[in-house]
Amino acid sequence: MKLIFAVALSMATLTTGARAQDVAAGENSFKKCLPCHSVGEGAKNKVGPVLNGLDGRHSGSIPEYNYSDANKNSGITWDEATFKEYIKDPRAKIPNTKMIFPGIKNEKEAGDLWAYLKQFGPDGNKK
């Protein structure tokens, strides 16, 4: 009986581990964002705002970036769930946003991307 329990527990751990967010995969996924966004030390606004300190940040709040009224007035505070919903289809989440991006529909990829972005504090340093 103990052996069956140990095997079941090991299988559950493996299954959970397969769903864990992968920062390295998120960094790779961020290449899709690089034409418009930057992150990390020395990041600067581009076509889109810097993504440093995204976790807990209010939408439309990076200084010296010209956000759309839709983004500034969205009332969004970024967290994992909101980001995943947004990144699937930015214009569905914030109608009239300036962001033109087809979205990341894959839940795992969106989670990995969030894990990568979340590690950067407002100053661009990794937490």
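If the condition is being in a loop (DSSP other than H, G, I, E, B) and in contact with a strand residue (DSSP E or B) (Cβ under 7 Å, 6 or more places away or on another chain), then segment 91-126 contributes only 119.
Confirm whether residue 62 is of a type in the set (A, V, I, L, M) and touching a residue at least 12 places away in the same chain (Cβ under 8 Å). In short, yes. Of everything in segment 78-90, what is open to solvent by 60 Å² or more (accessible area, probe 1.4 Å), over 19 Å from residue 32 (Cα atoms) and not in a helix (DSSP H, G or I)? Give them in sequence order. Matches in segment 78-90: 79 only. Give the residues of segment 98-127 that are at pLDDT 95 or above, over 22 Å from residue 22 (Cβ atoms) and surrounded by 13 or more Cβ atoms within 10 Å (Cβ to Cβ), sorted by residue number. Once the filter is applied, which keeps residues that are at pLDDT 95 or above, over 22 Å from residue 22 (Cβ atoms) and surrounded by 13 or more Cβ atoms within 10 Å (Cβ to Cβ), segment 98-127 yields only 122. Quickly run through segment 21-35 and pick out the residues that are open to solvent by less than 50 Å² (accessible area, probe 1.4 Å) and either closer than 23 Å to residue 67 by Cβ or at pLDDT below 95 (or both). The answer is 30, 33.
Can you say whether residue 47 is in a loop (DSSP other than H, G, I, E, B), open to solvent by 20 Å² or more (accessible area, probe 1.4 Å), in contact with a strand residue (DSSP E or B) (Cβ under 6 Å, 6 or more places away or on another chain) and on the phi < 0 side of the Ramachandran plot, as far as the supplied structure shows? The answer is no for residue 47. Scanning segment 102-120 for residues that are more than 13 Å from the chain's Cα centre (by Cα) and either under 22 Å from residue 56 (Cβ atoms) or of a type in the set (Asp, Glu) (or both) gives no hits.
The values are calculated or read from the model by the stated rules, or taken from the named source; none is laboratory data. Just so you know, these numbers come straight off a predicted model, no measurement behind them. All Cβ positions, glycine included, derive from the backbone under ideal geometry; neighbour counts span all protein chains shown. Keep in mind that these areas ignore ligands, DNA and RNA; they rest on the heavy atoms of the full protein, side chains included. Shrake-Rupley method; radii C 1.70, N 1.55, O 1.52, S 1.80 Å.
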